[in-house]
Amino acid sequence: MSIDTAQIERHASANAARRTLIALVIFLFFARGFSTSLLYLLLPQVKNLFGLSYAGAMLTQMSFYLGFFFFSLPSAYLLARLGYIRAILLGITVMIVGCLTFCLAATTDIYPGFLAALFIIAIGIILQQVTTNPLIAILGPSHGAHSRLTLAQAFNSLGTTLAPLVGAWLILGPENISRANAIAVIQATNIARLQLPFLMVAAALLLAAILFWTYRSDRIAGTQARDLLAGFSLLKDTRFLLTTLSIFAYCGAEVSEGSILASYLMQPSILGVSIARASELLSLYWCGAMFGRFLGAAMLRTVSSHVALSVCAIAAMLLALTSAFSTGMLAAVAVIAIGLFNSIMFPAIFASGIACLHERTAEGSGILCMAIAGGATIPMLTAAIADGHGLAAALLVPAACYAWITFYGAFFMQPARHVAQA
């Protein structure tokens, strides 16, 4: 009887530790969303401060998302060598260094300094992405992986939604800021005043690192060290290859929309609103993604993920086309509503990609995170079209991305089969 009681106590302790670990991982999703959203505050500011075109200002996004191309595979290798918890700790450390580097660069107002700092932040986020996406999927039953990852991504969207308002509150204080004018005030200030939000992010990450440190000896199963380039052999599998292309397309579409949305809404032919109002409406776009992910976390427990993905991709494509070929309130509502249907795309595609990879999960996660570099390349194409043909025409780029995702969801996102060992 005492043995049974001891087993029960160990089982209960393990479950409690797992729930705590899930909560900590979800916090990292929130922190990543918060940090990434600060980039959207920088984009209009640096465009005005340095007199840049849309393509020039989009270098802030490119310098950030290019890191995914260069460092995802090394991050997967580090994950396989270090294990989940130690890899997370390394990612947090690099991200803290990046935040502090940004604060240093902000004192100089030198554009390349901002780009370098964002690149360092990206490296830390990449290692976290490669680690936490598969980790949240395996911390529980396999049939709930899509749901857990979607829930975690919902907290990522919560961070994305709150960052502009919290950032403004940190800079000016609650007595001087309101929801209506928060972003406008930020646009009127020097970039150096954005140091405080990045310092706060660094402090929060330091606290998270201390908490994760208590799990540093936990070698969670599911990774195996291989050659750095071994992950490319996974692309021989057609389903995994198309999954990778779908991550690339989705990230390109989302970053493109988030980057041009405020400027798009400010146009006289759309709403003709101020930067303050446009930025407030931008938060509705991210709120839609957050709401959709919380809803999707419950929905994906009963609805097939490939059906949900196809429906959402079709809806997003039609909304992008509607906005591109209309004006006024209809165009504005259509483009903002895309956020709702973006919600489940990344977690659904990612969870499908790593399913049944077993000990090759780290490699698969590295390749899929490498595809997030779509957020660097596709927005540059979007910006080039915006400079040459206008922002409405630029929406055709994300529409094309959603067309591809619809094709993938309808014909290739079937229940995963085992990927042969290389």
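The values are calculated or read from the model by the stated rules, or taken from the named source; none is laboratory data. In this text the structure is predicted, and so the values were computed from the model without any measurement. FYI the Cβ positions are ideal-geometry reconstructions off the backbone, even for glycines, and counts take in every protein chain you see.
Among what's in the range 46-62 and is among the polar types (S, T, N, Q) and surrounded by fewer than 21 Cβ atoms within 10 Å (Cβ to Cβ), pick the residue that is modelled with the highest pLDDT. Spell out how you get there, then give the answer.
Step one: list which residues in the range 46-62 are among the polar types (S, T, N, Q), which gives 48, 53, 60-61.
Filter once more, keeping what is surrounded by fewer than 21 Cβ atoms within 10 Å (Cβ to Cβ): 48, 53.
On the way: N48: 64, S53: 72.
Here the answer is S53.
Considering only the range 137-242, give the helices (runs of 4 or more DSSP H) lying wholly within it that have at least 3 residues that are farther than 27 Å from L368 by Cα and at pLDDT 55 or above.
Fully inside the range 137-242 and qualifying: 145-172, 195-213.
Report yes if G353 is under 20 Å from the mean Cα position of the chain (by Cα) and within 21 Å of F411 (Cβ to Cβ), otherwise no.
Criteria met by G353.
Between residues in the range 72-95 that are without any contact (Cβ under 8 Å) to a residue 24 or more places away in the chain and residues that are assigned to a helix (DSSP H, G or I), which pairs lie under 8 Å by C-beta distance while being six or more apart or on different chains?
What qualifies is L82/L90.
Taking helices (runs of 4 or more DSSP H) that do not extend beyond the range 243-354, which have at least 1 residues that are in contact (Cβ under 8 Å) with a residue 24 or more places away in the chain and surrounded by fewer than 20 Cβ atoms within 10 Å (Cβ to Cβ)?
Values: elements: 275-299, 305-324, 328-342, 345-354.
Once the helices (runs of 4 or more DSSP H) in the range 243-354 are filtered for at least 1 residues that are in contact (Cβ under 8 Å) with a residue 24 or more places away in the chain and surrounded by fewer than 20 Cβ atoms within 10 Å (Cβ to Cβ), what remains is 275-299, 305-324, 328-342.
Working carefully through the options S269, S263, find the one that is out of contact with any Ser or Thr (no Cβ under 6 Å at 6 or more places or on another chain) and either more than 18 Å from H306 (Cβ to Cβ) or modelled with pLDDT of 90 or more (or both). Don't jump to the end; show me each part of the working.
Details: S269 fails: out of contact with any Ser or Thr (no Cβ under 6 Å at 6 or more places or on another chain).
Exactly one of S269, S263 is out of contact with any Ser or Thr (no Cβ under 6 Å at 6 or more places or on another chain) and either more than 18 Å from H306 (Cβ to Cβ) or modelled with pLDDT of 90 or more (or both), namely S263.
Collect the residues in the range 65-86 that are part of a helix (DSSP H, G or I) and farther than 19 Å from A371 by Cβ, keeping them in residue-number order.
Keep residues of the range 65-86 that are part of a helix (DSSP H, G or I), which gives 65-82, 84-86.
Residues satisfying the conditions are R81, L82, Y84, I85, R86.
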